[in-house]
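The values are calculated or read from the model by the stated rules, or taken from the named source; none is laboratory data. Since the model is a prediction, treat every value here as computed from it, not as a measurement. FYI the Cβ positions are ideal-geometry reconstructions off the backbone, even for glycines, and counts take in every protein chain you see. Accessible surface areas use protein heavy atoms only, side chains included; no ligands, DNA or RNA. Shrake-Rupley method; radii C 1.70, N 1.55, O 1.52, S 1.80 Å.
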Amino acid sequence: MIKICFLFAGLLIGVRVAAQPIEWPHHKKAAIVLTYDDALKSQLDTAVPQLRRAGLKATFFLTADMDYITLPRWRKLAKEGFELGNHTLFHPCINGADNPVSSDRYTPNQMMREIEVMNRMLFAVDGQTDRTYAYPCTETAVGGQDYVDTLRRYGLIKYARVGGDTGAVITNPATLDPLRVPALGLEGHTPADALIGFVKSVENSGGMGVIMFHGIGGDYITTDTDVHQKLVDYLVEHRSSIWVGTFREVMDFVMKKKGVGAR
């Protein structure tokens, strides 16, 4: 009987913790994180100017697919307060048809080495040491082996975004794994109503939402230029209630709420 009482009390505590809204900075109601994968030129040419005009910051998960023309542009972004995240050197994925490198023959330790080298490359670009990460193709396994716990042991990455989750609204920091942060994955030409609808659901829940973009007005898995602008406009119109921050800074805040000190 005593065990049952303790169990019931524990369930009540769990419900109470889950029900508590996150108290966001400056009395905001919710937080949105805009992330962009693969170091695409359309992001520099289209997304960045829209974000700059709006005064919004975002996170760009980069691969080694940078050259002498784009690399200075990424460095300039970092100096402006945008975040440059790690998306591996070669973007290895299971599907080799759409990606230049297959992950089938990788081991978790090989993946750690690739992430570590990309960290060093990014340090040469922005001088930062704390690094966030996005799993290529949202896959947390290589060679048939999950590498999230290996990544945790190596300590190369502070936070990691998984992506591809259409219900990715984060409302309870206590249950959030900082190396498995869900995000809204988009299909090509997602309409503005769907993106704004996701933001509204995050705002109504008082939680955090991460959106994963690829091409903006070009490249692949493309979000149309006007659709991206409509989302940006909505976020600007609601800046009094929605905090738009980089992945690292919003996760730092969430982890402090969870009781994990941010470095």
V148-D177 pseudo-label distance in nm [points 7 Å out on the Cα-to-Cβ vector]: 0.2 nm
Computed FRET value (nearest 0.05) for V101 with D45, which takes r as the C-beta separation and R₀ as 30 Å: 0.70
Helix-only CD estimate at 222 nm, as mean residue ellipticity for the chain, using -39500 (n - 2.57) per DSSP H run (n ≥ 4): -12000 deg cm²/dmol
Summed residue charge, Cβ within 13 Å of A30's Cβ, Lys/Arg positive, Asp/Glu negative: +2
Top positive-direction residue, dipole computed over the chain with Cβ charges, set Y147, L179, P21: P21
Region 34-120: chymotrypsin sites (Phe, Trp or Tyr not before Pro) in DSSP coil with no more than 10 other Cβ atoms inside 10 Å: Y68
Other-chain or far-sequence residues with amide H under 5 Å of G163's (modelled H): A183
Set K41/K230; K29/K258; K79/K258; K158/K230; K28/K258 screened for pairs whose C-alpha atoms are more than 27 Å apart: K79/K258; K158/K230
Over region 137-205 - Rg/Rh using Cα atoms and the Kirkwood inverse-distance radius: 1.04
Whether the chain is rounded, prolate or oblate, judged on the alpha carbon gyration tensor where a/c under 1.5 counts as rounded: oblate
At most 12 other Cβ within 10 Å, DSSP loop - trypsin sites (Lys or Arg not before Pro), region 36-103: none
Heavy-atom accessible surface of the chain: percent carbon and sulfur, 1.4 Å: 55 percent
Contour minus Cα-Cα distance for E23 and D65 (0.36 nm per residue): 11.3 nm
Two-decimal ratio, region 99-232, of alpha-carbon radius of gyration to 2.2 N^0.38 Å: 1.16
Filtered chymotrypsin sites (Phe, Trp or Tyr not before Pro), region 147-240: DSSP coil and at most 16 other beta carbons within 10 Å: Y220
Kirkwood Rh (inverse of mean 1/r, distinct Cα pairs), region 174-243, angstrom: 13.0 Å
Per-residue HN-Hα couplings for region 176-190 [Karplus 6.51, -1.76, 1.60; θ = phi - 60°; Hz; x = Gly/Pro]: 8, 7, x, 9, 9, 7, x, 8, 7, x, 10, 8, x, 6, 4
Taking the C-alpha atoms of region 46-115, convex hull volume expressed per residue in Å³: 115 Å³
Average accessible area per residue (Å²) across the chain - probe 1.4 Å, nucleic acids and ligands excluded: 48 Å²
